[in-house]
Amino acid sequence: MIQLNDNLKLAIIVMLLTSYILYDKKPDIMFHDDGKFKDFGLKRDETICHYLLIITLVGFTTYYYLLIKEGKYV
C-alpha cells in the first residue's frame, strides 16, 4: 500500500496547480504560437525550458523545501 504523507500531498498539489497555470498561460518560451509544445533542444524553434522539465523541477523543489522546513533533511 502506498502511503502519502502531508509533504508529498502538498508537493503534488503545488505541482498540479503549477502545471495548470503554465498550460493555461502558454508562455512563449515553452509553446509555439499555435499552442503546441516546443521540442527540447538548442535550435531556433526548440527550448531548454521544456514544460515537463519545469513541472518536474517544481515538484522536486517543493518536496525538498518541505522536508528541509521540517528538519528531516538527514
Counting lysine pairs in the chain that sit 8 or more positions apart or on different chains, with Cα atoms under 23 Å apart, gives 7
Just to confirm a number: summing +1 for Lys and Arg and -1 for Asp and Glu over residues other than N7 whose beta-carbon lies under 11 angstrom from that of N7, what do you get?
+1
Evaluate the charge dipole of segment 6-70 about its Cα centre and quote only its size in Debye, nearest 20, assuming +1 on the Cβ of each Lys and Arg and -1 on the Cβ of each Asp and Glu.
80
Candidates L53, L42, L22: whichever shows maximal mean-square fluctuation once the chain is modelled as a Gaussian network with Cα springs under 10 Å
L42
For the chain, what size does the Cα cloud have along each of its three principal axes, sorted from largest down, in whole Å?
43, 24, 23
Please go through segment 8-56 and write out the trypsin sites (Lys or Arg not before Pro) that DSSP classes as loop and that have at most 15 other C-beta atoms within 10 Å.
K36, K43, R44
If you take every residue apart from K26 with its C-beta less than 13 Å away from the C-beta of K26, what net charge results, scoring Lys and Arg +1 and Asp and Glu -1?
-1
How far, in degrees from 0 to 90, does helix 51-70 lean away from the longest principal axis of the Cα atoms of the chain, to the nearest 10?
20
Cα long-axis angle, helix 6-25 against the chain (0 to 90 degrees, to the nearest 10):
20
Within the under-9-Å Cβ sphere about D39, not counting D39, Lys/Arg +1 and Asp/Glu -1 give a net charge of 0
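Every number in this text was worked out from the coordinates using simple rules, so none of it is lab data. Model, not experiment: these values are computed from the prediction. When we count neighbours, we look across all protein chains shown, and the Cβ atoms used for this are built from the backbone with ideal geometry, even at glycine.
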